[in-house]
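Asker: The structure follows.
The values are calculated or read from the model by the stated rules, or taken from the named source; none is laboratory data. Only a predicted model underlies this, so the values are computations on that prediction, with no experimental measurement involved. Reconstructed Cβ throughout: ideal geometry from the backbone, glycine too, with neighbour counts over all protein chains shown. Accessible surface is based on the protein model in full, side chains and every heavy atom, while ligands, DNA and RNA are left aside. Shrake-Rupley method; radii C 1.70, N 1.55, O 1.52, S 1.80 Å.
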Amino acid sequence: MKNKLLKISFLLFLLFSIKGYNQNVKLLNINQLNERIKNGKDSTYVVNFWATWCAPCIKELPHFEKLGAEHKSEKVAVLLVSLDFKSKLESNVIPFVKRKNLQNEVFLLNESNPQEFIDRIDPSWSGSIPATLFIKNDKRKFIESEFTYEQLLTEYKKL
């Protein structure tokens, strides 16, 4: 009986842990991303486009985490936008985010036409990742490359 209760408790714990964590990775489209930035209360936005299958993206994610944590008082919002397929949300993205303990806001882009959303983010974007969009007031800067922390910090401070 005690063993059975332990198993049930463990299963409930897993169920609520996974379900609760799922809420931290939201689907959004480009219109919703633009609304998030337009109506957000932060003064600076650093939007990183990445994927779980992209080695350079994974390598630089800790830099975005560090930037968000160290500059929180400056009202910076670091938004991590996964370009994984929507079908990979449960199997790849959520477990990855949990394993890496990502603290910044994480989204999965819910768009079906890559060329359309790429052009709406920045017409100069070839579509390769990692790519990052910096926004402060009316200033926008788009950079299509991998960052070291020092490079990321430099670009952030230029805004």
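Asker: How would 71, 63 rank on accessible area, largest to smallest, probe 1.4 Å?
Answerer: Numbers: 71 20, 63 50 Å².
The most accessible residue leads, giving 63, 71.
Asker: What full-extension length gain, to one decimal in nm, is calculated for residue 75 and residue 110 as 0.36 nm per residue of separation minus the Cα-Cα distance?
Answerer: 10.0 nm
Asker: Put 41, 66, 136 in order of accessible area, largest first, 1.4 Å probe: what do you get? Could you put the intermediate results ahead of the total?
Answerer: Values: 41 165, 66 90, 136 65 Å².
Highest to lowest solvent-accessible surface, that is 41, 66, 136.
Asker: Taking a point 7 angstrom from the Cα of residue 66 along the C-beta vector, which residues in segment 121-159 have backbone N less than 20 Å away?
Answerer: 130-134, 143-159, by backbone N distance to the label point.
Asker: Rounded, prolate or oblate: which one fits segment 59-159, using the alpha carbon gyration tensor with axes a ≥ b ≥ c (rounded when a/c is under 1.5, else prolate when a/b beats b/c, else oblate)?
Answerer: Working: a/c = 1.88, a/b = 1.13, b/c = 1.65.
Note, shape of segment 59-159 comes out oblate.
Asker: Non-local amide H neighbours of residue 108 (under 5 Å, H modeled in plane, Pro and chain starts lacking H): which ones?
Answerer: Hits under the 5 Å cutoff: 26, 27, 28, 82.
Asker: Quick one: grab the alpha carbon gyration tensor of segment 22-83, order the square roots of its eigenvalues as a ≥ b ≥ c, and give me rounded if a/c is under 1.5, else prolate or oblate depending on whether a/b is larger than b/c.
Answerer: Since a/c reaches 1.5 but b/c is at least a/b, the shape of segment 22-83 is classed as oblate.
Asker: Here is a follow-up. Counting Lys +1, Arg +1, Asp -1, Glu -1, what net charge surrounds residue 103 among other residues with beta carbon under 11 Å of its beta carbon?
Answerer: Around residue 103, the surrounding residues sum to +1.
Asker: Okay, helix-only estimate at 222 nm for the chain: each DSSP H run of n ≥ 4 adds -39500 (n - 2.57), divide by all residues, round to 500 deg cm²/dmol; what do you get?
Answerer: Value at 222 nm, helices only: -14000 deg cm²/dmol.
Asker: Please compute the modelled spin-label separation between residue 31 and residue 153, points set 7 Å along Cα→Cβ, answer in nm with one decimal.
Answerer: Label-label distance for residue 153 and residue 31, simple model: 4.1 nm.
Asker: Round to the nearest 0.05 the FRET efficiency obtained for residue 91 and residue 137 when R0 = 35 Å and r is the Cβ-Cβ distance.
Answerer: Working from the Cβ atoms, E equals 0.35.
Asker: In addition: On a 0 to 90° scale, report how tilted helix 149-158 is relative to the longest principal axis of the chain, with both axes built from alpha carbons and the result rounded to the nearest 10.
Answerer: The angle comes out at about 50 degrees.
Asker: OK, next. Among residues other than residue 143 whose Cβ falls under 12 Å from its Cβ, what is the net charge (Lys/Arg +1, Asp/Glu -1)?
Answerer: On the way: positive: 140, 141, 158; negative: 60, 122, 144, 146, 155.
My count for the surroundings of residue 143 gives -2.
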